[in-house]
Amino acid sequence: MGGHLDRLSGPLRAHPAGSRLTARGTVIQNVSFLLLVALTTLAFLALIGGFLMPVFWAAVLATVFFPVQSRYVVALGGRRSLAAQAAMAELDSVISRFVRNSARGVPYRL
């Protein structure tokens, strides 16, 4: 094999053989990398920040209504699509009653 492929067959090295990084250079490189990762993480969180609360509530509602949907699957003879539709209708009913009553100042009752 020739050229650049010779590097791939040898053991993995942190730096190429011709590199003359000092301990201080390695520390600077590691700190720079961690800083870049931290900035990228912060930018990502700023980007998706508006979606975090709706995703959280979707996970909560999915967890709460999973047993309801499971009971509908059994009651409807294993028809998952119909059971999902029934569970969604019930979820819609609960949420709309909650919103309607809270807008009028009425405490929520099931």
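The values are calculated or read from the model by the stated rules, or taken from the named source; none is laboratory data. From a predicted model like this one, the values you see are computed outputs, not experimental measurements. Positions of Cβ are backbone-derived with ideal geometry, glycine not excepted, and every protein chain shown enters the neighbour counts.
Examine the stretch 56-72 for a residue that is not small (Gly, Ala, Ser) and not in a helix (DSSP H, G or I), and state whether such a residue exists. No, the conditions are met nowhere in the stretch 56-72.
Selection of the stretch 69-80 for residues being of a type in the set (A, V, I, L, M) and out of contact with any Leu (no Cβ under 8 Å at 6 or more places or on another chain) yields Val73, Val74, Ala75. Inspect the stretch 82-104 for any residue being among the charged types (D, E, K, R), at pLDDT below 90, out of contact with any strand residue (DSSP E or B) (no Cβ under 7 Å at 6 or more places or on another chain) and surrounded by fewer than 10 Cβ atoms within 10 Å (Cβ to Cβ) and give the result as yes or no. So far as the stretch 82-104 goes, yes, one or more of its residues are among the charged types (D, E, K, R), at pLDDT below 90, out of contact with any strand residue (DSSP E or B) (no Cβ under 7 Å at 6 or more places or on another chain) and surrounded by fewer than 10 Cβ atoms within 10 Å (Cβ to Cβ).
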